[in-house]
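Here's the structure we're looking at; comments come further down.
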Amino acid sequence: MKIVNSIKELKQNLALEKQENKLIGFVPTMGALHEGHLSLVKHCVKENDVCVVSIFVNPTQFNDKHDLETYPRTLEKDCALLEPTGCKYVFAPTAEEMYPEPDTRTFDFGTVSQVMEGAKRPGHFNGVAQIVSKLFYAVEPDNAYFGEKDFQQIAVIRAMVKQLNIPVKINACPIVREADGLALSSRNTRLTPELRQKAPLIARTLKESTTFAPDKNVREVIDYVVNTINKDSDMEVEYYEIVDGNTLESINDWSDADYIVGCITVYCGEVRLIDNIRYK
Ligand code: AMP
């Protein structure tokens, strides 16, 4: 496994691989790797000849300065986790390398980037599109892998590659969870032991809600999820929306779409956790 820090060196290495017609797979991450990330890497290694993983805490996608400053940075440990996976290149650039000049591009992907996370974290998806497009230009992968934990992010990335004509296949991988249901996240390390005990309530409630979803109407299911979680004084639902999984538009009735997903964000103490569940 090779660790490269510059786009130039990365491109030189990958040019040689591409000369041999190797299929290039790519997993973009912000590091602090856990089994969720590693599941994407496993898919990538299996389905490609060469796996590239990037580790870069992208400043332009953080709308909260405190969140950026406290985001865990564990490059050495991350590389140790990647070494046995079959990942061939770790791309770990500096901010100066990725942003030699401020990126002034603003994107408009319509609804998929405006609702939910788009509304609650202004500028977040614009920053995501900036960095992921730059990474795609650097790696020029055949396949890229993203986790369904960030459900809306996948829709934004799909819209972006379409809009920019970037020839890459976007592959979505299922959410990896702890045994108690909590979706793995780099931010989970910020939970106090007490909050860590409470956090699985989110996944538990979402799962429970799928059991009576067809019988209760959409509004009742939303209210059930929000009220159940908010009953705990340490938890506060920021939003819970049940949407068409393709357009991300809210639905009013279970017959409104064939593919339906509920997306939630909850403050567990100070820690902002996201999760989602498929109803249909
Ligand atoms: P991040 O480092 O948080 O930007 O995440 C990098 C990639 O890993 C994104 O595509 C995430 O959706 C994915 N990811 C993060 N957590 C999980 C998880 N628990 N299960 C599956 N994928 C995940």
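The values are calculated or read from the model by the stated rules, or taken from the named source; none is laboratory data. Keep in mind it's a predicted model, so treat the numbers as computed, not measured. Note: ideal-geometry Cβ built from the backbone for every residue, glycine included; neighbour counts use all protein chains shown. When the accessible area is computed, the model is the full protein with side chains, heavy atoms only, and any ligands, DNA or RNA have been set aside. Shrake-Rupley method; radii C 1.70, N 1.55, O 1.52, S 1.80 Å.
Values computed for the structure shown
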| item | result |
| --- | --- |
| Set ALA199, ALA183, ALA172: member being open to solvent by less than 10 Å² (accessible area, probe 1.4 Å) and under 15 Å from the mean Cα position of the chain (by Cα) | ALA183 |
| Residue in the range 183-194 that is closer than 18 Å to GLY25 by Cβ, touching a His at 6+ places or on another chain (Cβ under 8 Å) and touching a residue at least 40 places away in the same chain (Cβ under 8 Å) present | no |
| Selection status of VAL112, under 27 Å from TYR267 (Cβ atoms) and within 16 Å of the ligand (Cβ to nearest atom) | yes |
| Pairs with Cβ under 9 Å, 6+ apart, first in the range 134-151 and outside the structural domain of PHE107 (by TED's automatic domain parsing), second near the ligand (Cβ under 6 Å from one of its atoms) | none |
| Unmet requirement for GLU76, which otherwise passes all of (1) open to solvent by 60 Å² or more (accessible area, probe 1.4 Å); (2) at positive phi | (2) |
| Leading residue by the ranking (nearest to ASP67 (Cα to Cα)) among those in the range 169-187 that are of a type in the set (S, T, N, Q) and within 9 Å of the ligand (Cβ to nearest atom) | SER186 |
| Filter result (within 15 Å of the ligand (Cβ to nearest atom), open to solvent by 30 Å² or more (accessible area, probe 1.4 Å) and of a type outside the set (Ser, Thr, Tyr)) within the range 46-62 | PRO59 |
| Scope the range 23-43; condition among the hydrophobic types (A, V, I, L, M, F, W, C), within 13 Å of the ligand (Cβ to nearest atom) and either closer than 27 Å to GLY118 by Cβ or part of a loop (DSSP other than H, G, I, E, B) (or both); matching residues | PHE26, VAL27, MET30, ALA32, LEU33, LEU40 |
| Close pairs (7 angstrom Cβ cut-off, 6 or more residues apart or separate chains): without any contact (Cβ under 8 Å) to a residue 40 or more places away in the chain in the range 32-45, open to solvent by 20 Å² or more (accessible area, probe 1.4 Å) and within 7 Å of the ligand (Cβ to nearest atom) anywhere | none |
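Residues are listed down the side, and each one gets a yes or a no for (1) assigned to a helix (DSSP H, G or I); (2) of a type outside the set (A, V, I, L, M); (3) open to solvent by less than 30 Å² (accessible area, probe 1.4 Å); (4) in contact (Cβ under 8 Å) with a residue 60 or more places away in the chain:
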{"residue": "ILE229", "(1), (2), (3), (4)": "yes, no, yes, no"}
{"residue": "VAL237", "(1), (2), (3), (4)": "no, no, yes, no"}
{"residue": "GLU241", "(1), (2), (3), (4)": "no, yes, no, yes"}
{"residue": "THR247", "(1), (2), (3), (4)": "no, yes, no, yes"}
{"residue": "CYS263", "(1), (2), (3), (4)": "no, yes, yes, yes"}
